[in-house]
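The values are calculated or read from the model by the stated rules, or taken from the named source; none is laboratory data. Model, not experiment: these values are computed from the prediction. Positions of Cβ are generated from backbone atoms using ideal geometry, with glycine treated the same way; all protein chains shown enter the neighbour counts. For the accessible areas, the whole protein counts, side chains as well, though only heavy atoms, and no ligand, DNA or RNA atoms are used. Shrake-Rupley method; radii C 1.70, N 1.55, O 1.52, S 1.80 Å.
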Amino acid sequence: MTETWLGGAANAADHPFGVATLPYGVVVVAGEPQPAVRIGESALLLRPATGALLPEHAGLFAGPDLGTFLAAGPDSWLDVRASVTSWLTDEAYREQLEPMLVPLAGLPTVLPFSVADYVDFYASENHARNVGQMLRPDSDSLLPNWKHLPVGYHGRAGTVVVSGTDVRRPRGQRKAGDGVEFGPSQRLDIEAEVGFVVGPGSPQGRPVPIADFTRHVFGVVLLNDWSARDIQAWEYVPLGPFLGKSFATSISAWITPLAALEAARVPAVPRDPAPLPYLDDTGDSWNLDLSIEVRLNGELISRPPFATMYWTAAQMLAHLTVNGASLRPGDLYGSGTVSGPERDQRGSLLELSWGASQPFELADGSQRSFLADGDEVVMTATAPGPDGVRIGIAEVRGRITPALSD
Ligand code: CA
């Protein structure tokens with residue numbers, strides 16, 4: 001196993017942010033946002049580090065976020081990753097780099113890139129079937145299109161927030177008997193998802209094939225797609241999710257590069273019927289063995305297994321562009337709620353409480369079907385890495401604050 005001269009926890013095989021992970025984010029040092037790489041419990045500031053040691057790429061980190069670096073594409077990503085890896089593992093760089101390392105404790109992080117377009121998919125068969133059974137108990141739990149295409153919708157990029165940002169309970173319309181009423185959502189929910197961050201764009205009119213997935217997608221975040229089920233249930237016919245989803249979407253402060261997830265690639269789940277040719281990923285599956293954990297007020301409530309997803313991120317990207325829709329740097333797309341086959345693997349409270357018909361109990365004795373004000377949700381994930389180490393996807397954390405009272 002490769003070790004870093006930082007020593008300590010960063011070298012433990014079970015530390016999710018050892019030298020095999022190296023995720024990118026933006027930290028605020030003395031009031032200034034600075035692109036950084038996370039190693040253990042520290043951040044390496046990339047502006048001074050590349051300025052001193054990799055001047056040909058220093059321009060990628062001159063801006064306030066990772067936008068320029070993301071847009072630069074896979075050759076630059078690999079150059080920088082290889083350099084950072086050698087800096088952190090070769091004792092010869094220690095003296096020069098130590099002043100550029102900042103402890104993470106108490107260090108503010110901001111959204112690591114400006115989100116361009118945001119798309120949310122619905123790619124877990126377990127989740128789709130669970131929701132289908134609740135909403136349409138008398139018919140097939142999957143709609144006829146579901147196994148032919150990754151179902152998705154375009155969401156709201158401007159309300160994507162970084163981990164740690166409070167989320168205000170939304171207000172809106174909901175059905176009440178034969179009429180409607182307006183007020184704070186009474187069915188505020190989470191959705192445990194994995195988000196994919198796009199670097200280089202693509203021209204309008206030119207679909208991105210599955211084989212080009214790694215030319216466009218830089219890396220992975222955890223994504224909590226907060227959802228107001230009562231608002232959603234009333235508004236979504238016939239055009240789909242709108243205000244029940246658009247008030248906030250939280251993502252990790254650190255992006256784990258796809259380059260760190262090679263050992264986490266696993267075969268696709270069996271698919272029937274066979275996907276159309278543009279969605280055929282035979283021999284090139286980007287199914288990822290990510291083990292997600294969801295905690296509510298510190299208590300583990302679910303372990304969604306990402307490897308059970310029906311559609312992969314490469315198929316989602318191919319579908320999202322097959323009509324000629326273009327990509328832009330900073331595009332973000334979510335996998336949809338990740339739910340495994342078991343009860344304790346469900347990625348939403350809607351499923352964990354089965355539509356509020358089976359509230360679950362927390363360790364403090366309180367019961368939940370949906371979120372209460374003050375509740376804090378934290379999602380984390382790890383994946384297999386090289387030589388038995390674990391690769392981390394940084395946490396996404398958010399706390400619910402009370403709705404506006406007028
Ligand atoms: Ca979602």
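Under 13 Å from a label point set 7 Å out along the Cα-to-Cβ vector of D272, no amide N atom of the stretch 110-145 is found. For the stretch 166-244, the Cα gyration tensor yields ellipsoid semi-axes of 35, 16, 9 Å (square root of five times each eigenvalue, largest first, whole Å). Tell me the relative contact order for the chain as a rounded percent, counting alpha carbon contacts under 8 Å between residues six or more apart. So the answer I get is 22 percent. Estimated from the Cβ-Cβ distance and a Förster radius of 60 angstrom, the FRET efficiency linking S357 and A105 is about 0.90. Note on T68 and R206: the model spin-label points, each 7 Å out from Cα along the C-beta direction, lie 2.4 nm apart. Remark on L222: its backbone amide H falls under 5 Å from those of G195, S252, A394, a criterion applied only to residues 5 or more positions apart or on other chains, H modelled at 1.01 Å from N. Computed from Cα atoms alone, the Kirkwood hydrodynamic radius reported for the stretch 8-110 is 13.8 Å.
Model label sites at Q186 and D280, defined 7 Å from Cα along the beta-carbon direction, differ in position by 5.2 nm. Note that the chain presents 41 Å² accessible area per residue, ligands and nucleic acids not counted, probe 1.4 Å. Taking 22 Å as R0, compute the FRET efficiency from the Cβ-Cβ separation of A372 and E342 and round it to 0.05. Computed FRET efficiency for A372 and E342 comes out at 0.30. Each residue of the stretch 61-70 was assigned a 3J(HN,Hα) from its phi angle through the Karplus expression (A = 6.51, B = -1.76, C = 1.60, θ = phi - 60°), giving 10, 6, x, x, 9, 8, x, 5, 5, 4 Hz with x at Gly and Pro. Karplus couplings for the stretch 140-157 from phi (6.51 cos²θ - 1.76 cosθ + 1.60, θ = phi - 60°), rounded to Hz, Gly and Pro as x? Calculated HN-Hα couplings, in order: 4, 5, 9, 6, x, 7, 4, 8, 9, 8, x, 5, x, 8, 8, x, 10, 5 Hz.
Each residue was assigned an accessible area with a 1.4 Å probe, and for M316 the value is about 0 Å². For the chain, the Kirkwood estimate of hydrodynamic radius, built from reciprocal distances between every pair of different alpha carbons, is 21.8 Å. When a/c is below 1.5 the answer is rounded, else prolate if a/b is larger than b/c, else oblate, so apply that to the stretch 227-297 with a ≥ b ≥ c taken from the square roots of the Cα gyration tensor eigenvalues. Since a/c reaches 1.5 but b/c is at least a/b, the shape of the stretch 227-297 is classed as oblate.
Here the spin labels are modelled as points 7 Å beyond Cα on the Cα-Cβ line, and at S326 and S139 they lie 3.8 nm apart.
Our compactness index for the stretch 302-406, the C-alpha radius of gyration over the empirical 2.2 N^0.38 Å, is 1.37. Treating the stretch 288-349 as a set of equal point scatterers at the Cα positions, no solvent, please give the Debye-formula log₁₀ I(q)/I(0) at q = 0.13, 0.19, 0.24 Å⁻¹. Each listed q corresponds, in turn, to -0.46, -0.77, -0.97. Within the accessible area of the chain, the carbon and sulfur atoms contribute 52%, probe 1.4 Å, all protein chains present.
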